[in-house]
There are 2 protein chains.
Amino acid sequence: MKAGPALSSGLLADVLAVVRRLNRSATHDGILVQSPLPAAMGDAAERTVFDTIDPAKDVDGFSPVNVGYLVQNRAALTACTPAGVIELLDRSGIEIAGRHAVVIGRSDIVGKPMALMLLHRDATVTICHSRTRDLPAVARSADILVAAIGRAGFVTREFVKPGATVIDVGMNRVDDEATARRLFPAGSPRLDQLAKKGSVLVGDVHPEVADIAGALTPVPGGVGPLTIALLMRNTLAAAETRHAG
Amino acid sequence: MKAGPALSSGLLADVLAVVRRLNRSATHDGILVQSPLPAAMGDAAERTVFDTIDPAKDVDGFSPVNVGYLVQNRAALTACTPAGVIELLDRSGIEIAGRHAVVIGRSDIVGKPMALMLLHRDATVTICHSRTRDLPAVARSADILVAAIGRAGFVTREFVKPGATVIDVGMNRVDDEATARRLFPAGSPRLDQLAKKGSVLVGDVHPEVADIAGALTPVPGGVGPLTIALLMRNTLAAAETRHAG
C-alpha cells in the first residue's frame, strides 16, 4: 500500500500527541497504551509511544527507567503480569526463597521482569527460550515453572517435576478442532465450547500437567485477572506518589 | 561522631555539584564516579550520585535508564565488566548461543547485567547467589560459569563440569598465609609474593579449577583489564553519540 508511510507517521503523531497531553494532565494518574499498535504505524511505533509516556504515569512498567528501577530492586511501577504471579505465589503460600524457578520465555513484558522479581525474592532463576537445549529437562529441574511463550499446550507432562508449581501465563486462542482434541479429552466441556463459540482459550501448559503438578494456574481465570488487578495497584501507586509529591 | 550527618550532606552536595557541572560541560564526554564513596557520605549517597549523572555520559552504565535499555536489548552504555566478559568469550571463539551459562552473584554491577547480556546472546541463563541450594551442583550444569561473588577461591573443583569455560570476575586481596596456602601449592610464586608484598590478589575461582576447566581467566590479568578497555569503549561511544547529536 503506497500510502503506508504517510499514513503511519500521521497515526503515530496523533497517538504521541494524546500521550503528551495525558502526561501533562493534572487529572490523569496512569497511562496505558494497548498493544499491539496497528501494523500501519510501523515497527518502531510501539517503542516510541512507550518511551513517550511519563515514567511516573507508566502503569504498565514498560518505560526504560522503570525497568532499570526493577533491575536495581527499587520502588517502581513494574510490569503487571509478573507482579501478579508473585502475588499469586504469595497468597497461595508457595515459598519462593531458595527454590529453583525456571521461566520459559524472555519477553520484555513477562519473561525478563518475571526472572528479576523471582531473583529478588531469593529464588535461583533460570531463563529459557527457543534456543535452549533440552528444554524439557531444564524445565523439569524447576520447583516453580513459569510458562510465557505463547504456544498452546506447549508445556507437557515431560516438562514438569512431580509436585512442582506451574504458572501458566499463556493465553492462546485455539480455533481448530484437531489442536483442541490433542489438548482436551473426548467429552470435555472445552470441546463443546469450541463447537459453540468457534474457539477456546488455552494456556501454554497442556491440561495433562494438572495430573502431576503440585499446583497449576488455570487458563482462563489464573494469571489473567491478576494482571488487571496489578494494573489497578500500579495506578493507585502512581496516584498516591503524584498527590504526595 | 556527632558531626557526621552535617559532614555527610556537605560532602554529598559537593560531589553532586561536580557531577552537575560535568553533565553540563561541553568538553566532557564521560563521567565515572569511583565507588565505594566514603562511608561518611551516608548509605544513599552512591545511588543519589549515580542517578545524577547524565545517562548520555554514564560510561559505567549504572543509571536506571541505561539499565532499562540493557534489559530491552537496545543500544546503551552498559556495565563494563560484563561487557568485557562477552568480548572475551567472543575473541576466544567460545560459543554462547544455546549454551547453559551460570552466573554466581547477582550484583547490579556484574551479576544481573551479565545474565541479561548472556541471555541476549541466546544462552540459557541461571543466576545463583547465597540463597541457592546445592550451588556446586547448579554450577556443574554450566557450559559457561561466571563467578562474581567476592570470595577468594570459593569456586572449587566440585563446581565445575570438566571442559567448561570459567570466567573469574573476583578480585580479592588475601593477606593471611593460611588462606594463601589453601589456594596455592607449596613453592608457588604467589606465596613468595605474599611474603614480599604482604598480600596477593586472588579471584573467586580456586586455582585448582585450571586442571579441569576447558578455559579459565587468570586473576590478575583476566577480566580486570577488559573492564578498563570497555570503559574506554563506552567513553568513545558516548563522545560519538554526543558529537553526532
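The values are calculated or read from the model by the stated rules, or taken from the named source; none is laboratory data. Not measured: the values here are computed from a predicted model. Cβ coordinates were reconstructed from backbone atoms using ideal geometry, including for glycine residues, and neighbour counts include every protein chain displayed. The protein model used for the area step is the full one, side chains on, heavy atoms only, and it has no ligands, DNA or RNA in it. Shrake-Rupley method; radii C 1.70, N 1.55, O 1.52, S 1.80 Å.
Label positions at A:GLU87 and A:ALA26, each projected 7 Å from the Cα along the C-beta direction, are separated by 3.1 nm. In the stretch A:176-245, Cα pairs under 8 Å separated by at least six residues give a relative contact order of 20 percent.
For the protein assembly as shown, with all protein chains in place and a probe radius of 1.4 Å, 56% of the accessible heavy-atom surface sits on carbon or sulfur.
Under the criterion of Cα pairs below 8 Å and six or more residues apart, the relative contact order for chain B equals 18 percent. Each residue of the protein assembly as shown gets 206 Å³ once the volume of the Cα convex hull is shared out per residue. Counting heavy atoms of the protein chains alone, A:LYS197 has an accessible area of about 150 Å² for a 1.4 Å probe. Counting Cβ atoms of other protein chains within 10 Å of each Cβ in B:102-112 and taking the mean gives 2. Per-residue ellipticity at 222 nm, computed for the protein assembly as shown from helices alone with -39500 (n - 2.57) per DSSP H run of at least four residues, works out to -13000 deg cm²/dmol.
The value of relative contact order for the stretch A:80-224, using C-alpha pairs under 8 Å at least six residues apart, is 23 percent.
If we count every other residue with Cβ under 13 angstrom of B:GLU240's Cβ, Lys/Arg +1 and Asp/Glu -1, where does the sum land? My count for the surroundings of B:GLU240 gives +2.
Per residue, the accessible area of the protein assembly as shown comes to 46 Å² when a 1.4 Å probe rolls over the protein heavy atoms. Of the residues B:ASN172, B:VAL219, B:ALA244, the one whose Cα sits farthest toward the positive end of the charge dipole of the stretch B:162-245, with +1 on the Cβ of Lys and Arg and -1 on the Cβ of Asp and Glu, is B:ALA244.
The accessible area of A:GLU95, taken with all protein chains in place and a 1.4 Å probe, comes to roughly 100 Å². Here r is the Cβ-Cβ distance between B:ALA17 and A:ARG131 and R0 is 35 Å; the resulting FRET efficiency, rounded to 0.05, is 0.15. On association of chains A and B, roughly 2800 Å² of accessible area becomes buried (total for both chains; probe 1.4 Å). Gap in Å between the Cα centre of the stretch A:35-102 and the Cα centre of the stretch A:124-190? The stretch A:124-190 and the stretch A:35-102 have Cα centres spaced 22 Å from each other.
Measuring between alpha carbons in the structure, the pairs from A:LYS161/A:LYS196; A:LYS161/A:LYS197; B:LYS112/B:LYS197; A:LYS112/A:LYS161 lying more than 32 angstrom apart are A:LYS161/A:LYS196; A:LYS161/A:LYS197; B:LYS112/B:LYS197. Computed over the alpha carbons of chain A, Rg followed by Dmax gives 19.8, 58 Å. For peptide A:202-210, the mean count of partner chain Cβ atoms within 10 Å of a residue's Cβ comes to 0. About its Cα centre, the protein assembly as shown has a charge dipole of approximately 200 debye under the convention of +1 per Lys or Arg Cβ and -1 per Asp or Glu Cβ, with nothing else charged. The contact residues of the stretch B:69-100, meaning those that lose at least 20 Å² of 1.4 Å-probe accessible area when all protein chains sit together rather than their chain alone, are B:VAL71, B:GLN72, B:ARG74, B:ALA97, B:GLY98.
Projecting label points 7 angstrom from Cα along Cα→Cβ for A:ARG233 and B:HIS243 puts them 4.9 nm apart. Note on the protein assembly as shown: dipole from Cβ charges, positive end direction compared against B:HIS206, A:HIS206, A:SER92; the farthest Cα belongs to A:SER92.
Comparing B:GLY198, B:GLY222, B:GLY61 in a Gaussian network model of chain B where C-alpha atoms under 10 Å apart are linked, the largest mean-square fluctuation is found at B:GLY198. A:ILE228 sits with roughly 100 Å² accessible to a 1.4 Å probe, with DNA, RNA and ligands left out of the calculation. Inter-chain neighbour count for A:55-68: the average number of beta-carbon atoms from partner chains within 10 Å of each residue's beta-carbon is 4. Given a 10 angstrom Cα cut-off, can you work out which residue in B:ALA83, B:ALA26, B:ALA115 is the most mobile in a GNM of chain B? Among B:ALA83, B:ALA26, B:ALA115, the largest GNM mean-square fluctuation belongs to B:ALA26. Computed over the alpha carbons of the stretch A:80-224, Rg followed by Dmax gives 14.8, 46 Å.
What fraction of the DSSP beta bridges in the stretch B:80-224 is antiparallel, stated in percent and rounded to the nearest 5?
15 percent
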